[in-house]
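Have a look at the structure below, then the notes.
The values are calculated or read from the model by the stated rules, or taken from the named source; none is laboratory data. Just so we're clear, the structure is a prediction, and the values are computed from it rather than from any experiment. When we count neighbours, we look across all protein chains shown, and the Cβ atoms used for this are built from the backbone with ideal geometry, even at glycine.
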Amino acid sequence: MNQPLYALVDCNAFFVSCERVFQPALRRRAVVVLSSNDGCVIARSPEAKELKIPMGEPAFRLKELIGSGKLVARSSNFALYSDMSSRVMAALAIDGHPQEVYSIDECFLDVASEPDPMAWANATRARVFRETGIPTSIGIAATKTLAKLTNEQGKKAGGGVCVLPLPGPQRIAFLAARPVQSVWGIGGQTAPKLESAGIRTAGDLAGADPAQLRAKYGLGVLRTARELAGEVSLPIGEEPEAPQSITVSRSFGSATSDLATIRAAVAAFIENACAKARHQGVDAAAVTIWLSPRGFQSADAAMTVSLEVPTALTAELQSAASAIVLRLYRPELEYKKAGVTLLGLQPVGARQQSFLDHLDRPRAERLQAAVDAINAGEGRRMVSSGATLLSSAWQPTAQRMSPRYTTRWDELLEAH
Amino acid sequence: MAERLPTGFHAAAADRAEGRVDLQARFVPHPHATFLVRCASEVLTSRAILVGDLCIVDRSLEPRHGDVVIAMAGAEVLVRVLDHGPGRRPSLVGDPPLQPISVDPEAGVELWGVVSAVIRALR
């Protein structure tokens, strides 16, 4: 059997790159993409980084730069990004390597069968760019965690491809130069604890005592440490067992092709399913959404996403669900039914060390508990998330949104 | 088996089990690399490509001499014919002829994709 080998393919400045595929005027210019409601910066081109614009910068502070023509800002165009993401992922699936789509702009591939990983990576990067217009960088290493760390290096190196050195002095130096908080799987809360225990770099973590790591920081950190040491503990597509699930579905009063109505219905189903999950004291590790078109127009469309952190928080699952609905929805179809299924249920206490968890979870959970208490006292859905209101008023204000080039007939690219 | 067995016409039709001709499969063999671009110019009327026509652009195809292509030139999105004859540098031309534009990524003129088919709705 071949040595394990994983590639992490990451799209460079993904949202900006999507805009640039269709708008040549944005090439070589400083470009940022703003969050929904045009609130703050969520993606930056390299040129925008050079202008020292930080992630999360509020849009109002960019007025001068935009006014003087030094910077272009675009509203987020998730219909476009989501479609471009599926194109990139499909392009990467062509070789038949086991694939794990990790986020909208990243995926892992198991490339152990590649005789020359460097040549494969260079060819793949060139092909993905030719076919989709999206530039990527690729990190290759013996484990997913190492591949993710290596990928950063690929980006900096400019060539966009980086293969981790074989075990030896070079690899030791590589790991010693990476701060522990830059390691995938080491959250913002864990990093300071590790640092105060003298584990400051990826190399320190790889060499730390396994028993102590497990006892002090839990299984998640131990797994990460093993991965850094080159031992696979997070194989591709490892999904939690799903011994049970919670499904909520309903037929619509009449078939509809109105996206706002469908989103509102799915948001309501999620609210209902999450209430059940919290009542049972379980978190969901994944959520499936499905839409059934009327008659024989088309087969049911379904999609499942894994959650970075298992959760039963309504707001969190609603935002995941909303993104899925946008992916599944086809404006030309009329839908008669929709449903949601929470999968990979696990007791709340079993939650593992989380990857990239930016949510203040205890606080969000207290808020959720307060909402549940009000609803328990006053009857169902006294307090409800705004997403379930049947209205198109939730639509974010997006004054700088570019056309949805790939999902709308009336917004296609025009050539002169 | 408790289920009813299909008989008659339906069974005969199922026996044949041949898929109906599929436009998507024929004209979009590489869906992830295929984009629709609307022609907004009269530069290729001699190629019978008219304003409003839908160009199916397959970016996975290698551009060849004589292909209709989409190209980015400065801030412009162009539809042109690729002129890349033997011994010549690639350039973009119209049909009827127009002043050629050299393909030169350094100067901001890049090929974007090959137009593999054109669709025109008649009603």
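Worth a mention:
- Residue in segment A:213-224 that is surrounded by 19 or more Cβ atoms within 10 Å (Cβ to Cβ), touching a helix residue (DSSP H, G or I) at 6+ places or on another chain (Cβ under 9 Å) and of a type in the set (K, R) present: yes
- Residue match in segment A:115-130 (condition: modelled with pLDDT of 90 or more, crowded, with 22+ Cβ neighbours inside 10 Å and hydroxyl-bearing (S, T, Y)): yes
- Residue check, A:A119 without any contact (Cβ under 8 Å) to a residue 12 or more places away in the chain, away from chain B (no Cβ under 14 Å) and assigned to a helix (DSSP H, G or I): yes
- Evaluation of A:K148 against (1) out of contact with any Leu (no Cβ under 7 Å at 6 or more places or on another chain); (2) closer than 30 Å to B:T34 by Cα; (3) buried (at least 20 other Cβ atoms within 10 Å of the Cβ) (one fails), failing number: (1)
- Conditions (1) in a helix (DSSP H, G or I); (2) under 21 Å from A:A321 (Cβ atoms); number of the one not met by A:Y102: (1)
- Every condition in (1) more than 14 Å from every other protein chain (Cβ to nearest Cβ); (2) surrounded by 20 or more Cβ atoms within 10 Å (Cβ to Cβ) holds for A:L51 except the one numbered (2).
- Test: residue in segment A:3-10 that is over 21 Å from A:V161 (Cα atoms) and surrounded by 14 or more Cβ atoms within 10 Å (Cβ to Cβ): no
- Any hit, segment A:346-356, residues being under 27 Å from A:K216 (Cβ atoms) and either out of contact with any strand residue (DSSP E or B) (no Cβ under 9 Å at 6 or more places or on another chain) or at pLDDT 85 or above (or both): yes
- Inside segment B:28-72, residues that are within 11 Å of another protein chain (Cβ to nearest Cβ), among the acidic types (D, E) and not in a strand (DSSP E or B) make up a count of 3.
- Among the residues listed as B:R88, B:R64, the single one being modelled with pLDDT under 95 and either of a type in the set (K, R) or under 22 Å from A:R130 (Cβ atoms) (or both): B:R88
- Here A:R29 meets each of (1) without any contact (Cβ under 8 Å) to a residue 24 or more places away in the chain; (2) within 14 Å of another protein chain (Cβ to nearest Cβ) with one exception, condition (1).
- Any hit, segment B:59-70, residues being touching a residue at least 60 places away in the same chain (Cβ under 8 Å) and among the small types (G, A, S): no
- Tally, over segment A:87-110, of residues that are within 14 Å of chain B (Cβ to nearest Cβ), among the aliphatic types (A, V, I, L, M) and under 16 Å from the mean Cα position of the chain (by Cα): 3
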